[in-house]
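Reviewing the structure listed below.
The values are calculated or read from the model by the stated rules, or taken from the named source; none is laboratory data. Just so you know, these numbers come straight off a predicted model, no measurement behind them. As a convention, Cβ positions derive from the backbone with ideal geometry for all residues, glycine included, and neighbour counts pool all protein chains shown. Side chains included, ligands, DNA and RNA excluded: accessible areas come from the protein's heavy atoms. Shrake-Rupley method; radii C 1.70, N 1.55, O 1.52, S 1.80 Å.
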Amino acid sequence: MIGFIVNPIAGMGGRVALKGTDGVLEEAIRRGARPVTPELAKLFLSELKNYNIKIKFLTGPGPLGEDYLREFNFSHEIIRHREVGFRDIYGVKVPDTTAEDTKKLVKEMLGEVDLIVFAGGDGTARDIAEVVDLKVPILGIPTGVKMFSGVFATSPEDAARVLVEFLKGNASIEKRPILDLDEDAYRRDELRARKFYEVLTPVVETLVQGSKEAVRTEEEEDLEALAEAVAEDILDNGGIYFLGAGSTIKKIKDKLGIDGTLLGVDVIRVKDGRVKLLVKDASEKDLLSFLKERPKVVVTVIGGLNFLFGRGNQQFSPRVLSEISKDDVIVVATPSKIREGIVRVYTGDRNVDEKFKGYIRVRVSPWMERLVKVI
């Protein structure tokens, strides 16, 4: 028996420049956000259908899991802990689910299931870990915004593959950290993930991500020099730039003399060696409005996760990236972030992901680049 829990509002804050969805659902919808988790949960189940394997799920009512399993004709039992309704927010119909629904379902599943698979982000993972402890393994279908924790498969499709290997007895069970944004560090303009819990997770090599890592102390001085060099190149070349999220790119923003965001995407125009901040903390809609000017994109790799696009920068949506040339993407990272020799791109759009696969140049010092494989 496999537990299956869907957080139907997870990830809605990503494309509209919110750093998550917890507590800001109404603002996300006001900015134009629409649900993203339902389609990603369906990708997981669609991939699972390709395997001839007997499986039964224990799930929540309606949008908490039942609706998706019914659509794909998976055998399932339902924990009807309450009647789930819907509410209308600025004309968008969304389920009236909360973190308490997730916690209640986990409590009911303990002792009944061999694994809990959930669709959500770090907030959902924290809610589950608060209840589950080390009693049963958990596996995340990545549908949130940040997803710094080490319990997420690298994609919804890979989550299905991990589940299949788990059922065959081929997955190792490891202790993995549940991480979320350290708000105290964020207020100091630092991007750090704080460890909240440890849980058990089924792991299949290359199919389950690691957890976010901070820049190594010994690399801090090198990072300053790298940021200075990249900023100088931007000033020399000019044009429109989309400057991505993270502490590495924030150092470049500081060198350029702009009041840029730490966790968001900023749009600048450089002309005659001068910088103008056009949009601070841009949304997908903002980025789309500049595509005709052939912008360059400056991003980093999330240490430990190895993601270039698909974790914490969902403003770079398939609609945006489909119009960006791979040659116009400038990747900046310290050597430790690319020590595995690979980076990942997952947008949910197969054509966009394929465009970035192959090899990409990564600037690792003021005078050196490395070719890194994109998978």
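Using C-alpha pairs under 8 Å with a sequence gap of at least 6, the mean separation divided by the residue count of the chain gives a relative contact order of 14 percent.
Could you tell me what fraction of 2.2 N^0.38 Å the Cα radius of gyration of the range 65-161 comes to, as a two-decimal ratio? The partial results should precede the final answer.
Details: Rg = 14.0 Å, N = 97, 2.2 N^0.38 = 12.5 Å.
Here the answer is 1.12, to two decimals.
In the context of the full set of protein chains, the range 247-354 has a per residue accessible area of 41 Å² (1.4 Å probe). Shown here for the range 1-82: GluC sites (Glu not before Pro) in loop regions (DSSP other than H, G, I, E, B) with at most 12 other Cβ atoms within 10 Å, of which there are none.
Largest first and in whole Å, what are the equivalent-ellipsoid semi-axes of the range 94-138 based on the Cα gyration tensor, each being the root of 5 times an eigenvalue? Could you put the intermediate results ahead of the total?
Values: eigenvalues 62, 26, 17 Å².
In descending order the semi-axes read 18, 11, 9 Å.
Can you give the angle from 0 to 90° between the axis of helix 247-256 and the longest principal axis of the chain, with both taken from C-alpha atoms, to the nearest 10? Its long axis makes an angle of about 30 degrees.
Sorted from longest to shortest, the spans of the Cα atoms of the range 131-175 along the three principal axes equal 31, 26, 14 Å. Simple rule: put +1 on each Lys or Arg Cβ and -1 on each Asp or Glu Cβ in the chain, find the dipole, and look at Val332, Phe148, Leu321; the Cα lying farthest toward the positive end is Leu321. Efficiency by 1/(1 + (r/R0)^6): what FRET value for Lys271 and Glu213, r their Cβ-Cβ distance, R0 = 45 Å, to the nearest 0.05? Efficiency for this residue pair is about 0.75.
Rank Leu40, Leu181, Leu278 by mean-square fluctuation in a GNM of the chain with C-alpha springs under 10 angstrom and give only the top-ranked residue. Ranking Leu40, Leu181, Leu278 by mean-square fluctuation puts Leu278 first. Estimated from the Cβ-Cβ distance and a Förster radius of 35 angstrom, the FRET efficiency linking Glu100 and Lys54 is about 0.60. Out of the DSSP beta bridges found with both residues in the chain, what percent are antiparallel (nearest 5)? Roughly 50 percent of the DSSP beta bridges within the chain come out antiparallel. Start at zero, step by 5 Å, and the Cα-Cα distances of the range 1-104 spread as 2, 12, 22, 22, 18, 13, 8, 3, 1 percent across the bins.
Note on Phe196 and Lys135: their simple-model spin labels are 1.8 nm apart, each label 7 Å out from Cα toward Cβ. Just to be sure I understand: of the beta bridges DSSP finds with both ends in the range 27-131, what percent are antiparallel, rounded to 5? Around 45 percent antiparallel, to the nearest 5. For the range 1-97, trypsin sites (Lys or Arg not before Pro) meeting the loop criterion (DSSP other than H, G, I, E, B) and having at most 15 other Cβ atoms within 10 Å: Lys49, Lys54, Arg80, Arg82.
Counted over the range 270-357 with a bin width of 10 Å, the fraction of Cα pairs per bin, in whole percents, is 15, 47, 30, 8.
Rounded to the nearest 5, what is the percent of antiparallel bridges among the DSSP beta bridges in the range 241-329? Let's see the in-between values first.
On the way: 10 of 14 bridges.
Once the DSSP bridges in the range 241-329 are tallied, antiparallel ones form about 70 percent.
Over the chain, dividing the summed -39,500 (n - 2.57) contributions of all DSSP H runs of at least 4 residues by the number of residues returns a 222 nm mean residue ellipticity of -8000 deg cm²/dmol.
How long is the gain from Arg361 to Lys107 if the chain were fully straight, where each residue apart is worth 0.36 nm and the alpha carbon distance is subtracted? Write down the numbers at each step before the final one.
Numbers: separation 254, 0.36 × 254 = 91.44 nm, distance 4.71 nm.
Separation in residues times 0.36 nm, less the Cα-Cα distance, equals 86.7 nm.
Helix 122-132 axis versus longest C-alpha principal axis of the chain: approximately 40°, rounded to the nearest ten.
Work out, step by step, the length gained on full extension between Glu39 and Arg339: first 0.36 nm times the residue separation, then minus their alpha carbon distance; give nm to one decimal. It would help to have the intermediate numbers written out before the result.
Details: separation 300, 0.36 × 300 = 108.00 nm, distance 3.30 nm.
That works out to 104.7 nm of additional length.
With semi-axes defined as the square roots of five times the eigenvalues of the C-alpha gyration tensor, the equivalent ellipsoid of the range 197-326 measures 28, 19, 12 Å, largest first.
Full extension of the chain between Arg370 and Ser46 gives 113.0 nm of extra length, using 0.36 nm per residue less the Cα-Cα distance. Approximating the spin labels as points 7 Å out from Cα along Cα→Cβ, the Asp327-to-Leu288 distance works out to 2.7 nm. Measure nothing but the geometry: give the 0 to 90° angle between the long axis through the Cα atoms of 220-237 and the longest principal axis through the Cα atoms of the chain, rounded to 10°. So the helix axis and the longest Cα principal axis differ by about 60 degrees. Counting only protein heavy atoms and a probe of 1.4 Å, the accessible surface of the range 154-308 is 41% carbon and sulfur. The orientation-averaged projected area of the convex hull spanned by the Cα atoms of the range 335-375 comes to 3.0 nm².
Could you give the dipole magnitude of the range 209-258 about its Cα centre, charging the beta-carbon of Lys and Arg +1 and that of Asp and Glu -1, in debye to the nearest 20? If you can, show how the numbers build up before the last one.
Values: 6 positive and 12 negative charges, 81 e Å.
In total the dipole reaches around 380 debye.
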